[in-house]
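Peer 1: First the structure, which I've put down as structure tokens, then a few questions once you've had a look.
The values are calculated or read from the model by the stated rules, or taken from the named source; none is laboratory data. What you see is a predicted model, and the numbers here were worked out from it, not measured in a lab. Heads up, the Cβs are rebuilt from the backbone with ideal geometry, glycines too, and the neighbour counts pull from every protein chain shown.
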Amino acid sequence: MDSQLLPFIIFLIAVTVTPLLSSAAPAIPCQSNCGSLQIKYPFGTGYGCGSPRFEPYITCKSNQLLLTTHTGSYLITAISYKDTTLTITPSAMSTCNSMQQSPNLGLDWASPFQLGPSIFLLLSCTPPTSSLTIKGSPVCDPSSTHLCATIYTCPAVVNLGLPLFPPTNTCCVYSPANFNSKGELDLREMKCKGYASIASFQDFPTDPSKWMYGVTLKYTNGGFDDYYMSNKCNTCEDSGGICGYSPPTNSFLCICNSGFNATTDCYNNYNPVQDYEDLLGTSTSLSTQKIMLGLWVGLLFYIAA
């Protein structure tokens with residue numbers, strides 16, 4: 001064959017083989033669970049899953065659902081879709097069994113999250129905490145000082161440089177809590193070494209070893225999600241699909257188990273390629289790619305010879 005055709009043949013091989021190779025590595029699909037947590041809209045397990053408004057903040061890594069803000073990544077341990085709340089457990093947060101100095105905890109102002117009904121206990125503060133103010137307003141709730149006395153019965157207080165059964169004027173019940181202009185619980189500004197956050201007393205108000213520690217956050221879907229996406233997503237999830245979106249326009253997608261995506265739901269949605277593979281009892285797509293690649297390479301060697 002004329003050697004002048006060789007460049008054309010090489011180009012033809014390139015444009016044919018490249019999409020075959022790229023299609024052999026499909027993207028990781030969206031998941032309906034992350035560890036023990038059920039994942040439903042507006043949350044997702046990665047890019048293209050759930051609502052694009054939540055995707056920069058919520059991810060599933062190593063079967064752990066994480067909330068990431070400008071101050072760090074925090075493990076999500078509970079979600080209430082009914083109450084639109086989630087609970088995070090910062091690793092540097094103190095509990096009855098483990099107390100430690102804590103960095104600032106923060107939320108991004110642009111995120112769809114805000115502080116929920118958690119009770120913050122500021123620990124090992126410069127006494128007296130009754131004089132602790134932010135912009136001239138008292139911070140501590142004097143009606144809840146019994147919570148300070150209760151958590152200070154935990155032996156772990158020594159890890160904060162406190163003696164056993166320390167004076168309660170080094171503790172502050174910060175409720176309702178609020179973040180500063182940076183969106184942070186600034187412990188250094190309030191001259192406290194650590195904090196504990198109580199999500200629930202679990203029917204044991206006087207036993208801090210049985211309290212459920214965590215920071216409860218409220219989340220908001222936004223008007224677009226509430227009035228448009230939620231209805232479409234309910235239909236998608238009822239059909240066995242997972243709600244997602246298609247970048248860059250972020251248009252709604254219903255991600256189906258078949259591997260194909262739909263714009264509404266997964267009813268009567270199927271993957272014809274998968275059906276063909278099931279019929280043959282093998283993965284024909286990858287086999288076909290290998291055969292095509294071999295034929296083209298063989299043709300190239302034949303022409304070059």
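Peer 1: Under 7 Å between Cβ atoms, which residue pairs at least 6 apart in sequence (or on different chains) link something in region 246-268 that is on the phi > 0 side of the Ramachandran plot with a partner that is of a type outside the set (D, E) and surrounded by 14 or more Cβ atoms within 10 Å (Cβ to Cβ)?
Peer 2: N250/P52; G259/N271; G259/Q274
Peer 1: Determine, yes or no, whether S181 is exposed (fewer than 13 other Cβ atoms within 10 Å of the Cβ), in contact (Cβ under 8 Å) with a residue 60 or more places away in the chain and not acidic (D, E).
Peer 2: no
Peer 1: Checking L65 against (1) among the hydrophobic types (A, V, I, L, M, F, W, C); (2) touching a Cys at 6+ places or on another chain (Cβ under 7 Å); (3) not in a strand (DSSP E or B), only one condition comes out false. Which one?
Peer 2: Every listed condition holds for L65 apart from (3).
Peer 1: Anything in region 105-162 that is closer than 25 Å to T206 by Cα, free of Cβ contacts under 8 Å to residues at least 60 places away in the same chain and small (G, A, S)? List them, or say none.
Peer 2: S130, S143, S144, A149, G161
Peer 1: Filter region 56-71 for residues that are loosely packed, with under 15 Cβ neighbours inside 10 Å and under 21 Å from N104 (Cα atoms); which is modelled with the lowest pLDDT?
Peer 2: P56
Peer 1: If S209 meets every condition in (1) of a type in the set (G, A, S); (2) more than 16 Å from V139 (Cβ to Cβ); (3) part of a strand (DSSP E or B) apart from one, which number is that one?
Peer 2: The number of the failed condition is (3).
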